[in-house]
Amino acid sequence: MQHRDVRGGSGYPAVQTTVLPQLDAMPTVLLIDDDPTLLDALTLAFEDAGYRVELAHDGREGLQRVVDRMPDAVVSDVNMPGLDGFSLCRKLREAGNAVPVLLLTARNHEIDEALGLELGADDYLSKPFSTRLLLARVAALLRRDQMRRRQEPEASPLLQQSLEIRSERLEIRYRGEAVPMTVSEFRLVEAMARRPGIVLTRDRLLDLVRGDDSVVAERIIDTYVRRVRRKFELIDAQFDRIETVVGAGYRWRPDA
């Protein structure tokens, strides 16, 4: 696998130190890639930035390390033998594990990026990339999760006839059944359900879901909505609470 596009003249990624943005403790990031040279370089970058680093050399090892080590975030290459990054992400979400996942892809096709998000990735980064941008993206994922945790004690539960949202647990139940969600999916549902009947533009939903200044295409919201709808439809095949307002955005239809 080629990684020359992310390396400097010495053959390693150009490492640029980035200070962690006001995180409560030294977070742990799991790096998964079958290229040991790239892992060495990224380990140096993350450790210099103040992270603890765990390593896995393929998707199967990475899946086990998520279970054993419980990292705060995962950075995984997509193109790996055995269990690739897409399959890794799918297995994590199917197991109800909501650890933030950022996928690295060298293929640079929109279909690959969309597929990664459909399978439950929280973010993606196409090669070539700078270590500064990678560090910033991971820090943003952690910051969003941390901000939510700080707000949890003050967040009141949202109770409707068929929907229950417990912010302090990142828990959603629909018609009495638990709906497993990633952090981004949870924030999307909560943002709409706490504003029933209000049309929210994609830009506004991006602000509410991501809560940072990272540059992300608006279509990511469409991907999140598709994922969330499918999860609710597993409980109720006639689920229609998330309405598309053509040319405007989305809104949550309250109980009748």
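Remarks
- A count restricted to segment 219-256 and to residues that are under 17 Å from D203 (Cα atoms) and without any contact (Cβ under 8 Å) to a residue 40 or more places away in the chain stands at 7.
- Qualifying residue in segment 128-136 (condition: surrounded by fewer than 21 Cβ atoms within 10 Å (Cβ to Cβ) and modelled with pLDDT under 80): yes
- Verdict on D68 being more than 24 Å from F129 (Cβ to Cβ), more than 15 Å from the chain's Cα centre (by Cα) and free of Cβ contacts under 8 Å to residues at least 60 places away in the same chain: yes
- Total residues in segment 72-95, condition crowded, with 23+ Cβ neighbours inside 10 Å and not aliphatic (A, V, I, L, M): 4
- Considering residues of segment 28-49 that are without any contact (Cβ under 8 Å) to a residue 40 or more places away in the chain and out of contact with any Pro (no Cβ under 8 Å at 6 or more places or on another chain) only, the residue surrounded by the fewest Cβ atoms within 10 Å (Cβ to Cβ): P36
- When segment 232-248 is filtered for residues that are out of contact with any Phe, Trp or Tyr (no Cβ under 9 Å at 6 or more places or on another chain), of a type outside the set (A, V, I, L, M, F, W, C) and closer than 19 Å to E118 by Cβ, nothing remains.
The values are calculated or read from the model by the stated rules, or taken from the named source; none is laboratory data. Note that the structure is predicted; figures quoted are calculated from it, not measured. Cβ sites come from the backbone with ideal geometry, for glycine too, and all protein chains shown count toward neighbours.
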